[in-house]
Structure formats: C-alpha cells, structure tokens
1. Considering only 39, 114, 253, give the residue with the highest GNM mean-square fluctuation for the chain, with springs between Cα atoms whenever their separation is below 10 Å.
2. Quickly estimate the mean residue ellipticity at 222 nm for the chain, helices only: each DSSP H run with n ≥ 4 gives -39500 (n - 2.57), and the total goes over all residues, rounded to 500.
3. For every other residue with a beta carbon closer than 11 angstrom to the beta carbon of residue 235, add +1 if it is Lys or Arg and -1 if Asp or Glu, then tell me the sum.
4. Measure up 62/266; 54/274; 76/149; 223/274; 54/238 against 23 Å on the Cα-Cα distance and list the ones that go over.
5. Could you tally the net charge around residue 112, taking each other residue with its Cβ under 14 Å from the Cβ of residue 112, Lys/Arg +1 and Asp/Glu -1?
6. What nm distance separates the two modelled labels at residue 247 and residue 112, each placed 7 Å from Cα along Cα→Cβ?
7. How would you rank 186-195, 62-71, highest first, on the average number of other Cβ atoms within 10 Å across their residues?
8. Could you tally the net charge around residue 129, taking each other residue with its Cβ under 15 Å from the Cβ of residue 129, Lys/Arg +1 and Asp/Glu -1?
Amino acid sequence: MTKIYKKLICCFFFIILSINVVGAEIRILYKINNNVITSFDVENESNYLKTLNKNLENLSKKELIETATQSLIREKIKKDEIDRVFEIDYERAIKSNNIKNIIKDLYSNLNFASEKDFFNYLEKNNVTETNLKKKFVIEQMWNQLIVNKYNNSIKINEDEINEIVDQIIIKNKEIINFNLSEIVFLEKNKSDNEKKYFEIKKSIEKIGFEETAILYSISESAKLGGKIGWINENQISKKIVNEINKINIGEYSEIINTAGGNIILKLNDKKKEKKKIDREEEINKLIRLKKNKLFTEYSIIFFKELENKAYVEKL
C-alpha cells in the first residue's frame, strides 16, 4: 500500500468520524407540520435573539433554549402559511431595498455607526447576514399576508379622528407622551388567561419585565424585551390611557383585554409637550396608527388560529 493511498484512507476515516461526531451532537427536537427543529437551529436562534437583546444573557440556559424554541416554532408556522400563499424567491428577496432599510433601522436603533460594524458584531456572535435577512423577509411577508387578508375588514371612524384632532387644536392642550413596554398573551379561555397572568407576574418579580416579555409575549416586540417606545395619548384608546394613568413610572398595569389579546403595559417614562398641530398631518398619522393597531390584533388572532391547527410534536 503506497503512502499516498494510506493518507487517503486516513483522511477518509477522519471525515467519516467527524460527520458522526457532528451528527451525534445535532438532534431533532420538534416536528412542526412538515418541518423539523434541531438543536443546531435552537443554538443559532439563541445567538440571533441575544444579538437583538442583551437582556437575554440574564436568562438561564434552560429559559434561553425555551425562548429560542418558541421563537422558531412561531417562525415555522408563519413561514408555512406564507409559502402556501406566496411564491417567494428568498435569495432575491433578501437583496431588496425594503430589507436594506429594515437593516439600517435595526443597526441605528442598536447604536451601531455603520452596517459594516453591525455585520461584524453579528459574525462575532455566530449570526449570518443571510439568516438575519431571511428572518426579516418572513416577517415582512407575514405582514403583507395580514394586510391582504384583512384590509377590507379594517374600518376607521374618521369622524372620531377628526373630533380628537379638533379638540387638540381648540384646547391647545399639552400632549402626554408615554414610553411603554408590553407583554401580549392570548389563551383559549378566561381560566387559562388568569393562570398565565399569575405566571407572568411571578416571572416579572423574579427576573424583571423585559426578560419576562422575551419569555412570554407573543408580540413581535418580545424580541426587544417588549419595548414599544414613545407614543402619545391620542394614538391609543381611552381605555388604555386610563389604565396607564393608574400606574407610576417603572410600574406595570393589570391585564388590559383587547380584541388582539391580553396586554400588560409597563410605563418606562412619560413627558408632556406642547406643539403646533398640522391638522391634516395629525389626522393621517392617527389613521395610520389605528390601522396598524388593528392589523396587529388581526395578526395575533390569525396566528393563534394557525398555531391551533399546526402539527407540533416534541421528540
């Protein structure tokens, strides 16, 4: 046997051994409809979620794995429905200007000076640029699916909007702005809602609101610790404003029941401002916000329908 032949044999067995070792480490954890979630997928998802929210580092390994797993299950269920409705060339979609703009907004919000710095940060945390962009394509197409499905169901009371804006202009009153975070959950019945709320309250006391939002909230804001950001009193319903006014900065509300699920709001900060109102601009802004709120509610309801129908098996 020649030396070259011996070397080839050794290389062959080394490759086989490496494949077996890798194969032994990667386990199939769940079957979701016709897809699977592996331990490798969960590890990648954990890395992805930690790049968006450093609060995840405060979770235990078990909690982080559970959060990543639930995030992947939601994504698989959404993608199945997206692929059923649309024909998407994902490689082409990730190169679109829309995705470029989403990336730009993301790295700006995370205080990165440039896209290059952001992608270097991702690489150090074992998150690929392609996978990140593909996730944004899925979310973008999911939002489009919801708009297509429910657009004709969205009814805005423009008289009510006009009345709100007129009152602002007439009274020239100060507008109160709230900086909010949210936890959104939706169970099958009232008893399950109360049980979930009790779990959530215990979790908030133990690990904090932001970390609990990551673990329990079904809203997309969960990835950012439930952060909504600044919103003024005219952009949300009187019912929600009344609940916010019951709490102090740093506190969180009781359950607020809405059509799209149960919400717990945390008041991070608030401020008053007086500004000159452009009537048409304010009307259009309020209409957009109310439409977005309704689309968000429909999104949660429709996802829960799909989730209830989905085949999910833990292996």
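What follows draws every value from the coordinates through simple rules; no lab data is involved. Everything numeric in this text was worked out from a predicted model, so none of it was measured. Cβ placement follows ideal geometry from the backbone for every residue including glycine, while neighbour counts extend to all protein chains displayed.
1. Answer for the Gaussian network model of the chain: 114.
2. After summing the helix terms and dividing by residue count, I get -20000 deg cm²/dmol.
3. Numbers: positive: 285, 288, 290, 293; negative: 233, 282.
Net charge around residue 235: +2.
4. On the way: 62/266 26 Å; 54/274 35 Å; 76/149 19 Å; 223/274 33 Å; 54/238 34 Å.
Listed pairs above 23 Å: 62/266; 54/274; 223/274; 54/238.
5. Numbers: positive: 54, 104, 116, 124; negative: 105, 115, 117, 123, 129.
Charge balance near residue 112 sits at -1.
6. About 3.1 nm separates the two model spin labels.
7. Numbers: 186-195: 12.2, 62-71: 17.4.
Taking the mean over residues of other Cβ atoms within 10 Å, the ranking is 62-71, 186-195.
8. Neighbour charge sum, excluding residue 129 itself: +4.
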